[in-house]
There are 2 protein chains.
Amino acid sequence: MARAATTADVFNAVAEPRRREILDLVATEELSVSELVERLGIPQPQVSKHLRVLREVGAVHVRSDGRQRFYRANPEALRPIHEWVSRYAAALEERFGELDAVLSELKREELGDDCNDA
Amino acid sequence: MARAATTADVFNAVAEPRRREILDLVATEELSVSELVERLGIPQPQVSKHLRVLREVGAVHVRSDGRQRFYRANPEALRPIHEWVSRYAAALEERFGELDAVLSELKREELGDDCNDA
DNA sequence: CCAATATATACCGATATAGGAATATGTCAA
DNA sequence: TTGACATATTCCTATATCGGTATATATTGG
């Protein structure tokens, strides 16, 4: 067996930097394929193919208007990623806390090291 | 060019479910390869290969003790994912808010619909 | 109907897998 | 040294890409 399909789940879908870029572009506003092509600076077929992957994992919604198709991000599809990584978020923030502790320690030492067990 | 290497970045590394499973296992406690093999129920070479990928993106730390190697997760490596998906977290939580609103609405209707603009 | 526009799909080539089996490396013990 | 144990690496095959090019499928306007 080879690697899992990019359409297997949203983790695989957004492992591709271009697709994250596309999601970021359509996160706040609806964009047509042409507009995406223009902003990304890559050939239209590639954009369509990336959009297909994003569609198949539900990461984008499409609205047809004439011959244009407007895409927008569907953050709900990112929930599995958010939930998974959130289990580590505490540790990440704890690390910030540790950093703060270290900095405080350094600052205390800097102010005067005559405070050790004296 | 084919797909990006799994070792290219942490997004690709954790796109593989087994590797997320491994990270989850070593998130709270240090585990040897044998213990991982036992808990995952997959052949040892595969575990070692997954661990190698996780190592190469810095997602795990290793400690050698005799002939054993103990692995533990390094949440810091997940920060890019956390930061990226956090930009969508607001939308996700907003949706929770919407859901709450809908539920409240349903509950209010259930309690008595004679309260509408009366 | 025909042409032009907007988008999607098909085909091709190169590559990086993931899984399985076998083997290599490293470490302890007798 | 020899053997057993723990782990890493190598070789193999099948597959699912991703990029590029060409083409198919709407949809609109004249």
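The values are calculated or read from the model by the stated rules, or taken from the named source; none is laboratory data. Since the structure is predicted, the reported quantities are computational estimates derived from the model, not experimental observations. Note: ideal-geometry Cβ built from the backbone for every residue, glycine included; neighbour counts use all protein chains shown. Each accessible area value is taken on the protein alone, full model and side chains, heavy atoms only, with ligands, DNA and RNA left out. Shrake-Rupley method; radii C 1.70, N 1.55, O 1.52, S 1.80 Å.
Please enumerate the residues belonging to the range A:54-71 that are within 14 Å of chain B (Cβ to nearest Cβ), within 11 Å of DNA strand D (Cβ to nearest atom) and open to solvent by 20 Å² or more (accessible area, probe 1.4 Å).
Step one: of the range A:54-71, the residues within 14 Å of chain B (Cβ to nearest Cβ) are A:54, A:57-61.
So of that shortlist, the ones also within 11 Å of DNA strand D (Cβ to nearest atom) come out as A:54, A:57.
Within the range A:54-71, A:V57 is the sole residue that qualifies.
Looking across the range A:1-28, the residues that are within 13 Å of B:N12 (Cβ to Cβ), modelled with pLDDT under 95 and either surrounded by fewer than 16 Cβ atoms within 10 Å (Cβ to Cβ) or more than 12 Å from DNA strand D (Cβ to nearest atom) (or both) come down to A:R3, A:A4.
When you scan the range A:31-38, do you find a residue that is touching a residue at least 40 places away in the same chain (Cβ under 8 Å) and more than 14 Å from DNA strand D (Cβ to nearest atom), even just one? Yes, the range A:31-38 contains at least one residue that is touching a residue at least 40 places away in the same chain (Cβ under 8 Å) and more than 14 Å from DNA strand D (Cβ to nearest atom). Within the range A:1-52, the residues that satisfy the criterion of being hydroxyl-bearing (S, T, Y) and near DNA strand C (Cβ under 7 Å from one of its atoms) are A:S32, A:S34, A:S48. Identify all residues within the range A:59-96 that are touching a helix residue (DSSP H, G or I) at 6+ places or on another chain (Cβ under 7 Å) and among the aromatic types (F, W, Y); write none if there are none. Answer for the range A:59-96, where residues must be touching a helix residue (DSSP H, G or I) at 6+ places or on another chain (Cβ under 7 Å) and among the aromatic types (F, W, Y): A:Y71, A:W84, A:Y88.
Before we move on, is A:R20 of a type in the set (K, R), without any contact (Cβ under 8 Å) to a residue 40 or more places away in the chain and in a helix (DSSP H, G or I)?
Working: of a type in the set (K, R): yes; without any contact (Cβ under 8 Å) to a residue 40 or more places away in the chain: yes; in a helix (DSSP H, G or I): yes.
Yes.
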